1. Just subtract the alpha-carbon distance of V75 and V115 from 0.36 nm times their residue separation and send over the number in nm, one decimal.
2. For labels at D64 and A99 in the simple 7 Å Cα→Cβ model, what's the distance in nm?
3. For a label point 7 angstrom out from the Cα of R106 toward its Cβ, which stretches of region 63-91 have the backbone nitrogen within less than 15 Å?
4. Under the rule a/c < 1.5 gives rounded, and otherwise a/b versus b/c splits prolate from oblate, where does region 49-124 land using the Cα gyration tensor?
Amino acid sequence: MRAMCLKKGLPVPLLKDMAGSTNPQQTVGAALLIVFLLVASVTPALASTLTVFEGPGCSGKSKDINGCGCFNLGVYTGGFHFVYTEGQAAELYAFSNCASRELPDRLDLETRSCVRNEHRSVKMLC
């Protein structure tokens with residue numbers, strides 16, 4: 001026996017009735033859209049990465065920098081490796097907080113330098 005809607009005396013649709021009334025192609029399309037959105041939300045965006053090293057000759061501790069904005073390098077002045085991805089360039093600055101008296105050194109291709117340097121900060125451009 002079907003339950004009746006209290007206000008109008010109409011039958012309440014059952015779940016099996018609602019599922020059967022949907023177009024199967026629409027259901028598949030909606031499911032694929034949901035899967036795509038879930039995958040897109042958990043997949044990290046491709047971005048360039050700057051790996052900086054504490055010791056000379058790209059030795060010792062290392063630190064990866066990616067994302068957007070200004071990052072201070074601290075003690076990581078022993079060399080770097082920049083991996084250029086998806087058009088995201090970077091700029092190396094002589095002072096902390098992306099300050100410089102001169103134009104910054106721009107990185108817009110894969111670059112590796114394993115000599116001690118004077119860079120104190122990097123701006124990852126987005």
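1. 13.0 nm
2. In this crude label model, D64 to A99 measures out at 3.1 nm.
3. Label zone hits: 87-91.
4. Taking the square roots of the gyration eigenvalues as a ≥ b ≥ c, region 49-124 is oblate.
No lab work stands behind these numbers, since they all come straight from the coordinates. Computed from a prediction, not measured in an experiment: that's the story for all the values here. Quick reminder, even Gly has a Cβ in these numbers, built from the backbone with ideal geometry, and neighbours come from all protein chains shown.
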